[in-house]
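Any read-out appearing in this document is the output of simple, stated calculations on the displayed coordinates, not a laboratory observation. Predicted model, so just to flag it, every value in this text is computed and none were measured. Note that we place each Cβ from the backbone using ideal geometry, even for glycine, and neighbour counts take in every protein chain shown.
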Amino acid sequence: MKVAMIGTGYVGLVSGACFADLGHHVTCVDTDAAKIAKLRRAEIPIYEPGLEDIVARSVEAGRLSFTMDATGAVPSCDAIFICVGTPPREDGDADLSYVYAAAQGIAAHLNGYTVIVDKSTVPVGTGDEVERIIRKANPEADFDVASNPEFLREGNAIDDFMRPDRIVIGTNAPRAREVMQALYRPLMLAETPILHTSRATAELTKYAANAFLAMKVTFINEIADICEQVGADVQDVSRGIGLDSRIGTKFLQAGAGFGGSCFPKDTLALTSTARKVGRPTQIVEAVMAANAERKRRMADKIVAACGGTIAGKVLGVLGVTFKPNTDDMRDAPSLDILPLLQQAGARIRAYDPEGMSEARKYLSDIEWSADAYGVMPGADALLILTEWNEFRVLDLDRVRRELKRPLMIDLRNIYTPGDMAEAGFEYHSVGRPSPARSTRRGG
């Protein structure tokens with residue numbers, strides 16, 4: 001089938017590459033000339049494991065191409081996916097200007113029956129407006145509008161697309177359903193569940209899913225705070241409740257708070273929609289407030305672990321992206337925590353395997369290091385803010401020698417209190433009791 005992806009951001013590029021890998025002919029369209037030029041040179045503008053290989057494979061096979069010219073890409077397509085950004089506005093609503101501009105641009109070039117697919121995360125009713133825009137601009141066009149929300153986790157997006165938990169298709173038009181099922185037929189053969197809903201239901205499903213997951217993260221973070229006060233272990237609590245099939249184990253890892261491109265933006269948009277229809281989401285609003293407070297409290301936790309003051313101290317920081325296996329800095333906890341530490345007088349040295357180039361756009365007065373060990377010499381404490389795998393296997397003897405003081409503050413719980421005590425560290429983690437530091441190894 002012939003497919004066009006309008007927008008080559010995270011969702012558009014990953015989805016387009018994966019559709020091409022499934023055998024469809026895909027053209028990715030973007031107005032950013034520099035981005036298109038990079039993609040044509042096989043330079044991937046985002047970090048996502050496996051994406052570079054899948055793009056190269058599909059381009060070589062002639063199934064994937066990149067262009068700025070919608071005129072040549074849109075006509076005769078079976079489906080056109082709108083994959084542009086929907087950033088939050090000041091009032092909390094999703095900014096839909098890019099979605100509507102894409103719809104306007106598509107309208108003039110439609111030729112033959114086409115399914116216009118909202119892949120961007122959009123509020124309920126967006127599909128109706130997209131349909132109205134296209135029908136007004138091109139009354140003769142033969143098309144339907146469907147909602148097909150994405151459920152891609154950064155760092156695991158290729159697997160999420162190819163082996164999804166479910167595919168949600170929102171449309172009541174029989175022809176649109178047939179086209180969408182044909183597009184996803186290779187995944188249907190693997191018995192992927194496909195849920196057919198109305199357009200409004202599909203639009204709301206995406207927001208509801210992300211709000212629920214954000215709530216799980218916030219819940220376990222609050223339980224972690226209680227654990228620290230009563231001497232319990234939040235990781236055992238997480239396993240104890242997660243093994244209940246009604247709850248599940250995912251998104252029950254205590255940490256520094258949620259961030260990224262989806263949870264903060266989508267919870268905000270959902271609460272805005274809910275207020276507009278007179279049904280405010282008190283739980284989700286509480287989640288948002290608790291998450292914002294969480295990041296501030298993590299800065300306080302670091303200061304307390306350092307003896308109550310960090311004025312003039314050097315803090316080594318491992319990881320600044322909101323999660324591992326991505327270079328995404330959007331709403332990363334580090335964007336709140338590190339400036340608070342700087343305001344308290346600390347000097348920050350930091351390293352991230354993929355995110356430093358992006359982080360420089362948002363963080364200032366940071367001394368960036370070439371590797372993990374570069375943040376450590378003479379540092380008063382070592383902070384772990386992102387759980388990259390390479391941080392899980394540090395040479396602890398070397399770490400202890402490099403640091404001015406063997407103090408580690410692990411906001412992702414990638415080490416165990418017992419092992420760190422045995423290694424001679426003063427170790428602070430999230431929601432777990434901390435054994436006294438051993439001096440057996442020269443600590």
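Values as computed for the structure displayed
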| read-out | value |
| --- | --- |
| Tail fraction, Cα-Cα pairs, segment 328-443, threshold 26 Å, whole percent | 18 percent |
| Positive-end residue of SER147, TYR184, ALA33, charge dipole of segment 2-197 with Cβ unit charges | TYR184 |
| Size of electric dipole in the chain: Cβ of Lys, Arg +1 and of Asp, Glu -1, about Cα centre, debye, nearest 20 | 540 debye |
| Within the chain, longest stretch clear of exposed GluC sites (Glu not before Pro) (DSSP loop, no more than 12 other Cβ within 10 Å) | 192-443 |
| Most fluctuating residue given options VAL375, VAL74, VAL230, as computed from a GNM of the chain linking Cα atoms under 10 Å | VAL230 |
| FRET efficiency, VAL393 to ALA34 (Cβ-Cβ, R0 51 Å, nearest 0.05) | 0.85 |
| Length-normalised contact order of segment 2-197 in % [C-alpha pairs under 8 Å, at least 6 apart] | 19 percent |
| Relative contact order for segment 340-387, counting Cα pairs under 8 Å that sit 6 or more residues apart, in percent | 36 percent |
| In order through segment 373-385: 3J(HN,Hα) via Karplus (6.51 cos²θ - 1.76 cosθ + 1.60), integer Hz, x for Gly, Pro | 6, x, 7, 8, x, x, 6, 7, 6, 10, 10, 10, 9 |
| Value at 222 nm in deg cm²/dmol, rounded to 500, when DSSP H runs of n ≥ 4 in the chain each add -39,500 (n - 2.57) | -12500 deg cm²/dmol |
| Stretch gain in nm, segment GLN343-ALA108, where the contour uses 0.36 nm per residue and the Cα spacing is subtracted | 79.3 nm |
| Longest site-free stretch - the chain; sites: chymotrypsin sites (Phe, Trp or Tyr not before Pro), DSSP loop, at most 16 other Cβ within 10 Å | 114-361 |
| 5 angstrom amide H check on ARG432, placed H, neighbours 5+ away | VAL234 |
| Distance from segment 356-391 to segment 276-342 (C-alpha centre basis), Å | 16 Å |
| Inter-site label distance for ASN156 and LYS404 at 7 Å from Cα along Cβ, in nm | 3.9 nm |
| Computed E for ASP128/GLU422 - FRET, C-beta separation, R0 45 angstrom, nearest 0.05 | 0.15 |
| Virtual spin-label span in nm between LEU243 and ALA289, 7 Å along Cα→Cβ | 3.6 nm |
| The chain: relative contact order as a whole-number percent, Cα under 8 Å and 6+ apart | 11 percent |
| Unsatisfied cross-links (Cα-Cα over 24 Å) in the set LYS38/LYS295; LYS265/LYS361; LYS2/LYS119; LYS206/LYS301 | LYS38/LYS295; LYS206/LYS301 |
| Rg over Rh [alpha-carbon atoms, Kirkwood Rh] for segment 215-349 | 1.01 |
| Kyte-Doolittle at least -0.5, axis length at least 18 Å by Cα - qualifying DSSP helices, the chain | 199-230, 263-276, 282-305 |
| All Cα pairs of segment 1-74, percent lying beyond 21 Å | 12 percent |
| At R0 = 22 Å, FRET efficiency that the Cβ-Cβ distance of TYR100 and ASP53 yields, to 0.05 | 0.05 |
| Farthest toward positive dipole pole in the chain [+1 Lys/Arg, -1 Asp/Glu at C-beta], among MET162, THR386, CYS77 | THR386 |
| Separation in nanometres of the label points that stand 7 Å from Cα toward Cβ, at ALA137 and THR192 | 2.8 nm |
| Contour excess over end-to-end distance, with Cα ends at ARG89 and ASP371 and 0.36 nm allotted per residue | 97.8 nm |
| Scattering profile of segment 2-197 at q = 0.11 Å⁻¹ [log10 I(q)/I(0), Debye over alpha-carbon scatterers] | -0.45 |
| Inverse of mean 1/r across different Cα pairs in segment 198-443, Kirkwood, Å | 18.9 Å |
| Max mean-square fluctuation residue, GNM over the chain, Cα-Cα springs under 10 Å, options ALA359, ALA224, ALA141 | ALA141 |
| Prolate/oblate/rounded call for the chain, Cα gyration tensor, a/c under 1.5 rounded | prolate |
